[in-house]
Structures are given as C-alpha cells and as structure tokens.
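Single-structure report; data block below.
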Amino acid sequence: MDVDFGPLGLTFKLALVTVAVLLVLSTPLAWWLAHTRSRLKPVIEAAVAMPLVLPPTVLGFYLLVLMGPNGSIGAWWVTLTGDTLTFSFSGLVIASVIYSLPFVVQPLQGAFEAVGRRPIEAAWTLGASKLDAFFSVASPMAGRGYLTAAVLGFAHTLGEFGVVLLVGGNIPGVTKVVSIAIYEHVETLNYEAAHMLSAGLLGFSFAVLVVVYAVNRRFPVHAG
C-alpha cells in the first residue's frame, strides 16, 4: 500500500495559518456584531454566514474568477508579486479564510454577547482605555468562545474540498491537501489509502469536538 502523507502536513499548515488569520480578522467583526445597533447588522451577518449555505463549488468558482490572473484581486496580486494567486498556497489561505469565516465569527459573537458590556464599562470607569479593557477583561471572559472558534475553524478547514480544488487545484506539495488526496485515491480505486487518510481525519475531528464540548461544560461564559 502506497500512502503519501505529504498532504497531511500541508493540510495542517493550511488550517493553522487560516485559523490565525481568522482570529485576528474575526475578533473586531464579532465584537461589532455583538454590540452594534446598526441597521446593517443583518446584512453583515448574512454575508458572514453565506459559506454555510452556498455550495462550495459556487463559492470556489467566484473566488477563482476574482483571484485569477484577470480578476480584480488576482491581477493586483500579479502586479504586486509577479505570481498568480490561484493554484498557490496563498490562494488556498484566502479561500479558506472566506470559507471558514462563519465558524470563527459566530462563536466569538456569541461569547461577546454573553459577556455583555458591563465588565468592560466597569474597566473604563477605573481608568482603562477601550483597547486595554477589551484585552484584559472582555477577551479573557470570552476565552471559551475563542477556543470553540479556533477548533471549529481548524476542523472545518481540514475538510475543505470543493473550494480548494477550484482555487488551488491538485499540485503536490503546494495545493494538494488531504481531501483532494482522498478523492484521488478513490478515483484510482486505492480504497485502503483513502480509508487511512479518511479514518485519521474522522478520528481527529471527533476528538477535537469532544474537547470543545468538555471545555464548554467545565468553563461556562459568565454574562455581564
């Protein structure tokens, strides 16, 4: 049996980078959604949740168009770097960030809503700046939400197929992630290799979800 474990390392690297980017981008967005009274809130929430309902191939197709050499984002990238964004690891990261966005934003939004504004307002009255109050008070109290967001974003990125196939293709060592490797093994009737990779992802996904539920029960969010 010939099993190439190279896609595993690439997939975990993609998931780690994607989650790191998402936590940075999603924190201010989730905080705004948790506390804003803007009429635009339902529109923004709907836009964030679109990857939950769109077929991955539809999302992947439009990302391919946008990030292709002639697309608005892809042409800018070629001018900036000289390389194409599609069929590259950077392109996979951007596609993964968009595809996994709701799995990070929504848990953070729920955690910030549960914390409320009272703790951070109390910190303001004690002389803390808004930024300091957020990082020293609100963020630690929303720690469970951060853990859930990170784990769900990581696990969801591991299972991507349609989006990464359209945007990244199947380039060994560059864009060939586990889901594509499994599909390739099935196409060549190498079911044993497909089973090994699939079983590994199944076991890992189940384990991280058990950890999330266990932590959520042990460390509940305290509302402000």
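The values are calculated or read from the model by the stated rules, or taken from the named source; none is laboratory data. None of these values were measured; they are calculated from a predicted model. Here the Cβ is made from the backbone with ideal geometry for all residues, glycine too, and neighbour counts use every protein chain on show.
On inspection, H195 fails the criterion of being within 29 Å of Y62 (Cα to Cα) and assigned to a helix (DSSP H, G or I).
Here the condition is being modelled with pLDDT of 90 or more and closer than 16 Å to S100 by Cβ; of T175, T157, it holds for T157 alone.
As a summary of the residue check, L63 satisfies the conditions (1) crowded, with 20+ Cβ neighbours inside 10 Å; (2) without any contact (Cβ under 8 Å) to a residue 60 or more places away in the chain except for the one numbered (2).
Do we find that S179 is in a helix (DSSP H, G or I), farther than 29 Å from L108 by Cβ and either within 20 Å of the chain's Cα centre (by Cα) or among the polar types (S, T, N, Q) (or both) in this structure? Spelling it out, it is not the case that S179 is in a helix (DSSP H, G or I), farther than 29 Å from L108 by Cβ and either within 20 Å of the chain's Cα centre (by Cα) or among the polar types (S, T, N, Q) (or both).
A count restricted to the range 108-139 and to residues that are surrounded by 20 or more Cβ atoms within 10 Å (Cβ to Cβ) and touching a residue at least 40 places away in the same chain (Cβ under 8 Å) stands at 7.
Among the residues of the range 65-87, just one is closer than 21 Å to T157 by Cβ and either among the polar types (S, T, N, Q) or under 18 Å from the mean Cα position of the chain (by Cα) (or both), namely T86. Scanning the range 116-155 for residues that are of a type outside the set (A, V, I, L, M), over 30 Å from L14 (Cα atoms) and assigned to a helix (DSSP H, G or I) yields R118, P119, E121, W124, T125, K130, D132.
Here the condition is being surrounded by fewer than 20 Cβ atoms within 10 Å (Cβ to Cβ), in a helix (DSSP H, G or I) and of a type in the set (V, I, T); of V105, V58, it holds for V58 alone. Inspect the range 193-208 for any residue being in contact (Cβ under 8 Å) with a residue 60 or more places away in the chain and loosely packed, with under 13 Cβ neighbours inside 10 Å and give the result as yes or no. There is no residue in the range 193-208 that is in contact (Cβ under 8 Å) with a residue 60 or more places away in the chain and loosely packed, with under 13 Cβ neighbours inside 10 Å. Note on the range 1-19: residues that are surrounded by 14 or more Cβ atoms within 10 Å (Cβ to Cβ), in a helix (DSSP H, G or I) and of a type in the set (A, V, I, L, M) total 6. Restricting to the range 66-102, and then to whatever is in a helix (DSSP H, G or I) and hydroxyl-bearing (S, T, Y), can you tell me which residue is surrounded by the fewest Cβ atoms within 10 Å (Cβ to Cβ)? Among those that are in a helix (DSSP H, G or I) and hydroxyl-bearing (S, T, Y), it is T79. The test for being of a type outside the set (S, T, Y), outside any loop (DSSP other than H, G, I, E, B), more than 30 Å from V210 (Cβ to Cβ) and modelled with pLDDT under 90 does not hold for L166. In the range 34-49, the residues that are over 15 Å from G110 (Cβ atoms) form Cβ pairs under 8 Å with partners that are of a type in the set (A, V, I, L, M) and assigned to a helix (DSSP H, G or I), at six or more places apart or across chains, as follows: I44/L29; I44/L33.
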